[in-house]
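Below is one structure, written out as structure tokens, with a few remarks after it.
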Amino acid sequence: MKNGILLLTSMICIALVGCTSSSTNSPETSQNKAVTPVDSLATQATRNILDRLDKRERLLIGHQDDLSYGHSWNEEPGRSDVLETSGLYPDVCGWELAGIELSEDANIDGVLFSNMRKHMQEIHQMGGINTMTWHSYNIITGNDCWDVSLTGIAASVLPDGPKHEQYLKWLDKFADFVLSIKDDNGNLIPLMFRPYHELTGSWFWWGKDLCSPDEYKQLWRMTYNYLTKEKNVHNLLYVYSTGNFNDTTLFLERYPGDDVVDILGFDIYQYGEDLNIAQQEFLKQLNLQCELLSPLAKQKNKPWAVCEAGLESIPLNNWFTELGKVLIPTDARYILFWRNAHDRESHFYAPFKGHASEDDFKTFVQETRNQGQL
Ligand code: BMA
């Protein structure tokens with residue numbers, strides 16, 4: 001217990017250094033109009049997060065599940081692979097809610113929701129930002145969201161669909177959890193919510209070949225309207241994040257509307273056996289998507305981000321600094337690296353203490369911080 005308290009105290013001190021904005025880059029995307037959440041009843045703290053993203057202090061660094069576990073450790077108070085490699089806690093921490101809809105105690109990756117709540121509070125307390133996905137189950141087959149054996153799952157949860165009432169019950173459980181994330185004073189903690197992501201691919205039940213653009217938009221708007229109007233959830237910022245795209249037409253094909261999206265973004269990973277060729281392709285694609293999204297976001301007066309990214313196992317020792325050369329000069333607000341599983345040796349996307357990419361990651365993080373002082 002004593003160790004836990006000491007670690008938490010030092011964690012907050014370090015994090016205050018890490019997360020406090022020290023200098024402000026002039027926002028390249030702002031049209032000098034205040035950016036306000038699409039939810040007109042959003043809490044002040046939620047407004048503050050969007051305002052902070054709009055002003056863009058620098059590229060923020062994110063990591064999925066960072067305080068909960070890392071490569072070969074699980075729920076050890078104060079630990080963070082990002083801290084142990086870069087010297088600073090991440091600015092943004094990602095969380096996964098799949099399982100909440102079935103009243104499970106833990107999510108699909110084994111994170112207890114009670115621990116998740118505690119870590120969300122810690123991140124918020126240290127000046128960081130929480131974001132979450134919800135890989136909700138396939139409501140017809142009962143399997144996970146990667147079961148794409150049937151089309152029509154999205155259609156089935158829409159108002160005229162046979163699974164609509166059941167899906168609203170799932171949203172009730174999701175809302176109950178979101179409304180339980182409060183600070184020590186009982187104030188709701190803001191969360192960036194990235195529902196139905198990677199929609200340009202077809203590996204989730206809400207993916208491209210599994211529903212029509214109109215069904216996707218209805219699904220999003222139904223979710224937004226139910227949470228804000230029926231459940232009185234007002235601590236969310238809504239993030240629309242595609243997979244890969246080569247033009248803005250594809251990016252916008254399923255875009256549900258400026259009135260229900262706060263932040264734009266994409267998820268992007270490096271795949272491919274020949275590492276050097278795959279890296280060049282990845283960087284080229286990243287660059288293209290940044291060049292397409294930055295002006296679009298500016299036109300829409302919304303911040304944008306790289307909502308998920310990574311190269312599994314990081315077998316390239318220049319991966320982060322090469323990524324930085326493309327991303328740091330843009331006006332992306334944050335990048336979130338995917339999780340470091342504690343129970344799967346090669347499933348990690350940020351380095352851990354002793355990994356060969358540690359220095360490269362540290363240099364990259366340092367460069368994001370120097371950016372603000374340029
Ligand atoms: C995937 C993998 C899975 C995990 C899922 C949701 O990319 O990391 O192991 O269950 O994300 O977090």
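The values are calculated or read from the model by the stated rules, or taken from the named source; none is laboratory data. From a predicted model like this one, the values you see are computed outputs, not experimental measurements. Note that each Cβ is placed from the backbone with ideal geometry, even for glycine, and that neighbours are counted across all protein chains shown. SASA here: full protein model, heavy atoms, side chains in, ligands and nucleic acids out. Shrake-Rupley method; radii C 1.70, N 1.55, O 1.52, S 1.80 Å.
Measuring from centroid to centroid over Cα atoms, what is the spacing of the range 221-281 and the range 319-372 in Å?
About 21 Å separates the Cα centre of the range 221-281 from the one of the range 319-372.
Taking every DSSP beta bridge with both residues inside the chain, roughly what % is antiparallel (nearest 5)?
10 percent
Beyond a 29 Å Cα-Cα separation, which of these cross-linked pairs lie in this structure: 169/298; 182/298; 217/302?
Over 29 Å Cα-Cα: 169/298; 182/298.
Find how much the distance from residue 55 to residue 221 grows on full extension, using 0.36 nm per residue of separation minus their present alpha carbon separation; answer in nm with one decimal.
The residue 55-residue 221 span can extend by a further 57.0 nm.
Considering only protein heavy atoms, with the full assembly of protein chains and a 1.4 angstrom probe, order 203, 338 by accessible area, largest first.
203, 338
Using only alpha carbon pairs under 8 Å that are at least six residues apart, calculate the relative contact order of the chain and give it in whole percent.
22 percent
With labels modelled as points extended 7 Å from the Cα through the Cβ direction, what inter-label distance (nm, one decimal) is found for residue 180 paired with residue 356?
Computed distance between label sites residue 180 and residue 356 equals 4.4 nm.
Got a number for the accessible area of residue 226? Probe 1.4 Å, square angstrom, nearest 10.
Result for residue 226: roughly 40 Å² accessible.
Just to be sure I understand the model, the point goes 7 Å from the Cα along the line to the Cβ. What's the resulting residue 104 to residue 276 distance in nm?
Roughly 4.2 nm, to one decimal.
Need one number: % antiparallel among DSSP beta bridges in the range 31-149, to the nearest 5.
Of those bridges, close to 25 percent are antiparallel.
Amide H of residue 95: which non-local residues (sequence gap of 5 or more, or other chain) have their own amide H closer than 5 Å, using H built in the peptide plane?
Those qualifying (amide H under 5 Å, at least 5 residues apart or on another chain) are 65, 131, 132, 133.
If 231, 118, 302 are ordered by their accessible area, calculated over protein heavy atoms with a 1.4 Å probe, which sequence runs from highest to lowest?
118, 231, 302
For the range 73-111 and the range 132-166, what is the separation of their C-alpha centers, rounded to whole Å?
Distance between centres, Cα-based: 25 Å.
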